[in-house]
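Asker: The structure follows.
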Amino acid sequence: MYLIAGLGNPGREYEKTRHNVGFTALDYLAYDAGITVSKIKFKGIYGDGMIAGEKCILLKPQTYMNLSGESVREAAEYFKIEPNKIIIIYDDVDIEPGKVRIRPKGSAGGHNGMKSIIYQLQSDEFPRVRFGVGKAEHGMVNHVLGKFSEEDGVKVSDAIRNLPKIVEAIIKNGVNDAMNKFNGK
């Protein structure tokens, strides 16, 4: 069983912002897999179904970004899912819009949602899929809580369309396979 969490902030004012790329990507994955994400538990909204022959829990923490780890930990504990079977999807300001970077583990890299998850799980040994949102030009908070330009929005949407294939590659053949196929694309 896998836990796949997309990071973001709840509320209409945060929809379509750079920081909510994880929510947007998870919604696309859910749609592609025919999974309804509407159950309320674990300080989040979740749904479950099959992806690549494995049962998957799709989770959107509703704790706001900086406390995402509370929701991820609660779901992981409830379903008894080890960190190496938890896939986190989120935005990265150090990657240009439309590019994807997959890693099997690592630091938070300054991302507060990831800091929270690493702290709550007491591990950084879980796969992550990062979608580039570009560098901040006028302050980090305004950047990540801002919306994409039309051009960047198209690039990010195109990248998100690969998420079902990325998740399938991770589940079927491991993170290294997904990295070889999709990193930088």
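The values are calculated or read from the model by the stated rules, or taken from the named source; none is laboratory data. The shown structure was predicted, so the numbers you read here are calculated from the model rather than taken from an experiment. For neighbour counting, all protein chains shown are included, and Cβ atoms are generated from backbone atoms with ideal geometry for every residue, glycine included. The area values use the complete protein model at the heavy-atom level, side chains included, leaving out ligands, DNA and RNA. Shrake-Rupley method; radii C 1.70, N 1.55, O 1.52, S 1.80 Å.
Asker: Using a probe of 1.4 angstrom, how much of the accessible area of segment 72-142 is carbon and sulfur, in percent?
Answerer: On the way: 1650 of 3550 Å².
Here carbon and sulfur together make up 46 percent of the probe-accessible area.
Asker: Give the percent of DSSP beta bridges with both residues in the chain that are antiparallel, rounded to the nearest 5. If you can, show how the numbers build up before the last one.
Answerer: On the way: 16 of 29 bridges.
Counting DSSP beta bridges with both partners in the chain, the antiparallel share is about 55 percent.
Asker: Next up: In deg cm²/dmol, rounded to 500, what helix-only [θ] at 222 nm does the chain give when every DSSP H run of at least 4 residues adds -39500 (n - 2.57) and the total is split over its residues? The partial results should precede the final answer.
Answerer: Working: 7 runs with 70 residues, N = 185.
When only DSSP H runs of four or more count, the value is -11000 deg cm²/dmol.
Asker: Separate question: Pulled fully out, how much extra length does the chain show between LYS185 and MET1, if you take 0.36 nm times their separation in residues and subtract their Cα-Cα distance? Don't skip to the answer; put the middle values down first.
Answerer: Working: separation 184, 0.36 × 184 = 66.24 nm, distance 2.74 nm.
Gain on stretching LYS185 to MET1: 63.5 nm.
Asker: Can I ask one more? Could you give each residue of segment 4-20 its phi-based ³J(HN,Hα) in whole Hz, using Karplus coefficients 6.51, -1.76, 1.60 with θ = phi - 60°, and x for Gly or Pro?
Answerer: Listing the rounded values in order: 10, 10, x, 8, x, 10, x, x, 4, 5, 9, 4, 6, 8, 4, 5, 9 Hz.
Asker: I'd like the accessible area for ARG73, computed on protein heavy atoms only with a 1.4 Å probe and all protein chains in place. Round to 10 Å², please.
Answerer: 60 Å²
Asker: Something else now. Give the calculated FRET efficiency between ASP158 and ARG12 to the nearest 0.05, with a Förster radius of 22 Å applied to their Cβ-Cβ distance. Intermediate values should be presented prior to the final figure.
Answerer: On the way: r = 25 Å, r/R0 = 1.12.
With a Förster radius of 22 Å, E is 0.35.
Asker: For ILE87, which sequence-distant residues (separation of 5 or more, or a different chain) have an amide H within less than 5 Å of its own amide H, given hydrogens modelled in the peptide plane?
Answerer: Amide H neighbours of ILE87: LEU3, ILE4, ALA5.
Asker: Listed here are the pairs LYS39/LYS155; LYS55/LYS85; LYS55/LYS181; LYS105/LYS172; which of them are more than 20 Å apart at the Cα?
Answerer: Details: LYS39/LYS155 31 Å; LYS55/LYS85 11 Å; LYS55/LYS181 23 Å; LYS105/LYS172 18 Å.
Violating the 20 Å limit, Cα to Cα: LYS39/LYS155; LYS55/LYS181.
Asker: On to the next question. Compute the semi-axes of the equivalent ellipsoid of the chain, taking the square root of 5 times each eigenvalue of the Cα gyration tensor, and list them largest first in whole Å. Mind dumping the intermediate values first?
Answerer: Details: eigenvalues 99, 67, 51 Å².
Largest first, the chain gives 22, 18, 16 Å.
Asker: Here is a further query. Residue by residue through segment 44-51, which ³J(HN,Hα) values in whole Hz follow from phi under the Karplus form 6.51 cos²θ - 1.76 cosθ + 1.60 (θ = phi - 60°), with glycine and proline marked x?
Answerer: x, 10, 9, x, 9, x, 9, 9
Asker: So for the pair THR36, MET50, with labels modelled 7 Å out along Cα→Cβ, what separation do we get in nm?
Answerer: My value for the distance between the label points is 1.9 nm.
Asker: Quick one: ranking LEU121, LEU26, LEU67 by accessible area, 1.4 Å probe, largest first, what do you get? Don't jump to the answer; show the numbers that get you there.
Answerer: Working: LEU121 35, LEU26 0, LEU67 80 Å².
Largest to smallest exposure gives the sequence LEU67, LEU121, LEU26.
Asker: For the chain, what relative contact order do you get, as a whole percent, if you take Cα pairs closer than 8 Å and at least 6 residues apart? Before the final figure, lay out each step's value.
Answerer: Values: 401 pairs, mean separation 46.3, N = 185.
Computed value for the chain: 25 percent relative contact order.
Asker: Same structure again: Please list LYS43, LYS165 in order of solvent-accessible area, largest first, computed with a 1.4 Å probe with all protein chains present. Walk me through the numbers on the way to the answer.
Answerer: Details: LYS43 95, LYS165 120 Å².
Largest accessible area first, the list is LYS165, LYS43.
Asker: Who wins for biggest fluctuation among ALA75, ALA136, ALA52 in a Gaussian network model of the chain, springs between alpha carbons below 10 Å?
Answerer: ALA136
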